[in-house]
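Here is the structure we will look at, set down as structure tokens.
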Amino acid sequence: FQVAKNSRRPFVVAAAGRTVTALGTAFDVRIDRGELKVVLVEGKVRVEGAKPPAAATAPAPQRPKTAQTMTTDMSAGSQLVTRDDTEWRLTLTDTQRETSWLKGQLVFDSAPLSEVVEEMNRYSPRKITIADPALAQRRVGGRFTPGDVHGFSMILQAANIATLREQPDGKIVIVAAR
């Protein structure tokens, strides 16, 4: 999102039980497999979400019924990742890499092959699967075109990283490491 400054009308994104509030900023919000990721490219945002209830020590009728809120302010170049509000990880990130999809590229630097395949599959109706679990953990890097699963699979084969098998339904199966 790229947001124009207007203090009277804050821009709010609600995602996975949290809110991201921005004024005059550019940021990315993504949910994958229940994990929320917010990447702040420029400006500042505030992320809020309900705290999970603490472990019960008092009988149920005596427990407070008010929800607490977790809040963090982010600055440009940071990334927040959280699965279920129990742990918020705020780290520095490479915003150009994280938003490379906006420029028609997916950029990876020593990422597990399973992660790269998952991201390539996100942009294509034709899917790749990995039959060799050991190969799924192999680290790879490069710049790839979103959705070009055929080109990506040919790179794996040409670089002697994997052997491929195409199924009649068009699915590409990575069957073995070379």
Between M70 and R46, the two model label points (7 Å from Cα along the beta-carbon direction) sit apart by a distance in nm of 1.8
For M70, the residues 5 or more places away or on another chain with a placed amide H closer than 5 Å to its own amide H are G49, A50, K51
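Excluding T21 itself, what net charge comes from residues whose Cβ is under 12 Å from its Cβ, given Lys and Arg +1 and Asp and Glu -1?
Details: positive: R9, R18, K44, R46; negative: E48, D73.
Charge balance in the 12 Å sphere: +2.
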Checked against the structure, the computed Cα extents along the principal axes in Å among [x] 56, 30, 29; [y] 60, 46, 28; [z] 51, 30, 30 is the one labelled [y]
Here the relative contact order (percent) of the range 64-147, from C-alpha pairs under 8 Å and at least 6 apart, is 27
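Contact order normalised by length for the chain, with contacts defined as Cα pairs under 8 Å and 6 or more residues apart; what percent is it?
On the way: 332 pairs, mean separation 24.6, N = 178.
Here the relative contact order equals 14 percent.
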Rounded to the nearest 10 degrees, the helix 149-158 long axis (Cα) sits at an angle to the longest Cα principal axis of the chain of 60
Tilt, helix 113-122 to longest principal axis of the chain (alpha-carbon atoms), in degrees rounded to tens, equals 80
Carbon/sulfur accessible area of the range 70-150, % of total, 1.4 Å probe, equals 48
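In square nanometres and to one decimal, what's the mean projected area of the convex hull around the Cα atoms of the range 1-54? Numbers along the way, then the final one.
Numbers: hull surface 17.0 nm².
One quarter of the hull surface, i.e. the mean projection, equals 4.3 nm².
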Given a Förster distance of 45 Å, the FRET efficiency implied by the Cβ-Cβ spacing of R8 and L92, rounded to the nearest 0.05, works out to 0.90
With every protein chain kept in place and a 1.4 Å probe, the chain has an accessible area per residue in Å² of 61
Summing +1 per Lys or Arg and -1 per Asp or Glu among the other residues with Cβ less than 12 Å from S75's Cβ gives 0
Each label sits 7 Å from Cα toward the beta-carbon; between W101 and Q157 the label points are separated, in nm, by 2.7
Expressed in angstrom, Rg and Dmax over the Cα atoms of the range 75-143 are 14.1, 41
Under a 1.4 Å probe, counting only protein heavy atoms, D109 has an accessible area in Å², nearest 10, of 120
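The values are calculated or read from the model by the stated rules, or taken from the named source; none is laboratory data. Note that the structure is a prediction, hence the values are computed from the model and not measured. Cβ sites come from the backbone with ideal geometry, for glycine too, and all protein chains shown count toward neighbours. SASA here: full protein model, heavy atoms, side chains in, ligands and nucleic acids out. Shrake-Rupley method; radii C 1.70, N 1.55, O 1.52, S 1.80 Å.
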